[in-house]
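The values are calculated or read from the model by the stated rules, or taken from the named source; none is laboratory data. Predicted model, so just to flag it, every value in this text is computed and none were measured. Here the Cβ positions follow ideal geometry from the backbone for every residue, glycine too, while neighbour counts run over all protein chains shown. Ligands, DNA and RNA are excluded from the accessible area calculation, which covers all protein heavy atoms including side chains. Shrake-Rupley method; radii C 1.70, N 1.55, O 1.52, S 1.80 Å.
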Amino acid sequence: MRAADAFIKALEKEGVKHIFGIPGGAIIEVYDALWDSDISHVLTRHEQAAVHAADGYARASGKVGVAFATSGPGATNTVTGIVNAYMDSSPVVVFTGQVPRSLIGFDAFQEADITGITMPATKHNYLVTDPESLTDVVKEAFYIASTGRPGPVLIDLPKDVTMVDVEFNYSKKVSLMGYNPRIAGHPKQIKKAAELIMKSERPVIIAGGGVILSNASKELVKLAETIPAFVVTTLMGKGSIPETHHLSLGFIGMHGTKYGNYTVTESDLVIAIGCRFSDRTTGKVASFAPYAKIIHIDIDAAEIGKNVRVDVPIVGSAKQILPKLTSIIEYKKRKEWGDRVTGWRKAYPLKYKNDDGKLRPQYVIEKIYELMPDAIVTTEVGQNQMWAAQYFRTSYPRQFISSGGLGTMGFGFPAAMGAQVAFPDRTVVDIAGDGSFQMNIQELATCVDYRIPVKICVLNNMFLGMVRQWQELFYDERYSATCLRCKEMSFEKIAEGFGGVGMTVEKVSEVEDALKEAFKIDDVPVVIDFRVERLENVYPMVPAGAALNEIIDEEV
Amino acid sequence: MSRYTIAVLVENKPGVLARVSSLFRRRGFNIESLAVGTTEREDISRMTIVVSGNEKIMEQVMKQLNKLIDVIKISDVTVNSVERELVMVKVATNSANRGEIAEIANIFRARIVDVAKESMIIEITGDEEKINAFVNLMRQFGIKELVKTGKISMTRGGKMVQL
């Protein structure tokens, strides 16, 4: 059998249903083999978008996302997508074409050393030089990408490797000498954690993306209710507990809720689950949770003790560890702590000025939430992302999809596309900024082509808003290179030009109708250009380098 | 800052050295010396890496290395080990000092492996202290060239670095 055919058969064995990609000379054999397969392929308009789409597909569905690209520029275009998936631990497998083995190293046409380039940005990568090993490599790649701490894997396929005849024997098991993720959690450590929990008077749980990745949301809520402990999440952990739950305090960090940040700062015990204590979450590390002992549960041992001091480390999967921990603790009433937190929650709600009739981005998001609370929501990066995180109250895991670690503008739209491919019958909304949306706007063509009815809500302030906000607050309003000056540009017409639906909304009174109309459309992408207040800022805010409780707010 | 020596067993595959060195570079860890070769098993290579850092950095070095799929096992062999490095020094000589140099080499159990009219190559094996002492003595004659293999290390007694 031709190696390319064996390769596609291996993907079928791995249960792959969808691939996002763009063909080219070096990967043409693979695409030829794909012609005979039932796997559906979405031809994106840029390889970066293909990887983001695979990433969004993975985050929404929990399955491995798959992307194809050709050699050289096709491969290098995938790099941002790969780093993005790496930073947020998303299981994505990227296959790139490569020049024939005999030409590797000779600077051949469309040759790029993609395994060298992605070495520090993948969980693992391969250059396949032995055609007989090709299907084994596929098996390993899916296993590595989806187990332990998930992450992207890249496989580089020299053209001649895909052309020769090979035997197809698909192995059932993968055995790797150097890879054996620990998942169970050490019983002694779990017991120590239970003791700390029972002693604690002011516990708080920080739930990160790891809770979602290990599908441990139910186990998390059970633990929180049993202790009982308030739960804050990181940006990546949004959805691990319904944000309408009485123990949920929203997300913490630079633009998190004030009450969440105060709760962590005043707590005497932090139970961190599947989070890596990023600088955006902790604020100034030296002042992070100064009165608290810290229990850190994570599947990646290298995360433990990397950024903050830890008293009880537990290495393993949240799914395995949380029930064990819950089973050996008992409910203990902590009224005083409950009252204090409730007090903060009442005193410092999220708020914005909304009594002057001006169209504000926060209002748009509140309306999206009100009309479509079950929608899958992706975000771009910047102000739009923070407002979405603040005002869209996530109710289930994998509902909120955002580029947390890398902060990739242009991620949200193709990720929404991927999520929509995974769930064709659900409503998928990309909460976007005008800057971010333009970074992958070409995918409107893909969405029209494949009837992917993603709703793109552009909070259009004609600025690179988050940078402008920093310039306003910290650089004397010197708006250097942040004004996008696109008053004359019409997202409505652009959407129509691609064959989608476009709308422009300038008044508060038009928001609801526009959204309702958009939610009815189920065959083409819809772009709503919300012309929002240009100088609106994201608050509350922890200034860079400040502690979580030094969070500032604006006067409303 | 202290110095640590770690023994890393890796799969004997192309690109493994690049993965390890790329990890050190990316995370800002300092490699003082690195030696690599095959082991008693031909599918496994062993790297001996000397790293400078503190305890916290070392913990990260070990944990991050462990995450590489091709890395099989990491052992801290800083204490209670036999350490060796092989060095070749090309020393400037003339007919007047050749005898003196040979005598010093002899005291250090170093071997003269090449003699020419204006230079000789001396090979010396040992731990760092011995090698430094010897090299410092050679400086007075003029060192024309010097090459080191990097340190290798093996724990004393029954303890072994193996799978």
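How many percent of Cα pairs in the protein assembly as shown exceed 34 Å?
Numbers: 140636 of 258121 pairs.
When all Cα pairs of the protein assembly as shown are counted, 54 percent exceed 34 Å.
Which order do A:Trp387, A:Trp470, A:Trp344 take when ranked by solvent-accessible area (1.4 Å probe, heavy atoms of all protein chains), largest first?
Values: A:Trp387 5, A:Trp470 70, A:Trp344 40 Å².
From most exposed to least exposed: A:Trp470, A:Trp344, A:Trp387.
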In straight Cα distance, which aspartates and glutamates are under 19 Å from A:Lys319, not counting same-chain residues fewer than 8 positions off? A:Asp88, A:Glu219, A:Glu225, A:Asp298, A:Asp300, A:Glu303
Just how large is the dipole of region A:187-347 about the Cα centre, in debye to the nearest 20, putting +1 at every Lys and Arg Cβ and -1 at every Asp and Glu Cβ? 140
Given a 1.4 Å probe and heavy atoms of the protein chains only, how would you sort A:Leu176, B:Leu137, A:Leu515, A:Leu350, largest accessible area at the top? B:Leu137, A:Leu350, A:Leu176, A:Leu515
Within 10 Å of each Cβ of B:66-79, how many other protein chain Cβ atoms are there on average? 3
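Could you do me a favour and compute the accessible area per residue for region A:187-347, 1.4 Å probe, result in Å²?
Values: 5950 Å² over 161 residues.
Here the per-residue accessible area is 37 Å².
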Links that overshoot a 30 Å alpha carbon limit, given the list A:Lys218/B:Lys73; A:Lys258/A:Lys293; A:Lys63/A:Lys173; A:Lys351/A:Lys455; A:Lys17/A:Lys222; A:Lys238/A:Lys367: A:Lys218/B:Lys73; A:Lys17/A:Lys222
Among residues other than A:Gly178 whose Cβ falls under 13 Å from its Cβ, what is the net charge (Lys/Arg +1, Asp/Glu -1)? +1
Dipole axis of chain A (+1 Lys, Arg; -1 Asp, Glu on Cβ), positive-most option in A:Leu176, A:Gln48, A:Gln438: A:Leu176
Peptide A:301-313: average number of partner chain Cβ atoms within 10 Å per residue? 2
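Loop by DSSP (not H, G, I, E, B), at most 13 other beta-carbon atoms within 10 Å: where is the longest site-free stretch of chain A for GluC sites (Glu not before Pro)?
Values: sites that count: A:Glu167, A:Glu201, A:Glu330, A:Glu477, A:Glu488, A:Glu506, A:Glu554, A:Glu555.
Here the longest segment lacking exposed loop sites spans A:1-166.
What is the local net charge at A:Ile104, summed over the other residues whose Cβ is closer than 12 Å to its Cβ (Lys, Arg +1; Asp, Glu -1)?
On the way: positive: A:Arg101, A:Lys159; negative: A:Asp107, A:Glu111, A:Asp113, A:Asp156, A:Asp160.
It works out to a net charge of -3.
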Using a 1.4 angstrom probe and counting only protein chains, how large is the accessible area of A:Lys123 in Å², to 10? 40
Could you give the angle, 0 to 90 degrees to the nearest 10, between helix B:16-27's Cα long axis and the longest principal axis of the Cα atoms of chain B? 80
Report, by chain and number, residues whose modeled amide H sits under 5 Å from the one on A:Gly433, excluding near sequence neighbours (fewer than 5 apart, same chain). A:Glu380, A:Val381, A:Leu459
A:Arg478, A:Arg280, A:Arg398, reordered so the largest accessible area comes first (probe 1.4 Å): A:Arg478, A:Arg280, A:Arg398
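Counting DSSP beta bridges with both partners in chain A, what percentage is antiparallel, nearest 5? Mind dumping the intermediate values first?
Values: 5 of 68 bridges.
Rounded to the nearest five, the antiparallel share is 5 percent.
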Round to the nearest 10 and give me the degree value, 0 to 90, for the angle of helix B:55-67's Cα axis relative to the longest principal axis of chain B. 70
Cβ-based net charge around B:Leu163, under 13 Å, with every Lys or Arg adding one and every Asp or Glu removing one: 0
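Tell me the trypsin sites (Lys or Arg not before Pro) within region A:511-552 that lie in a loop according to DSSP and have at most 13 other beta-carbon atoms within 10 Å.
Details: sites: A:Lys516, A:Lys520, A:Arg531, A:Arg534; in loops: A:Arg534.
The qualifying sites are A:Arg534.
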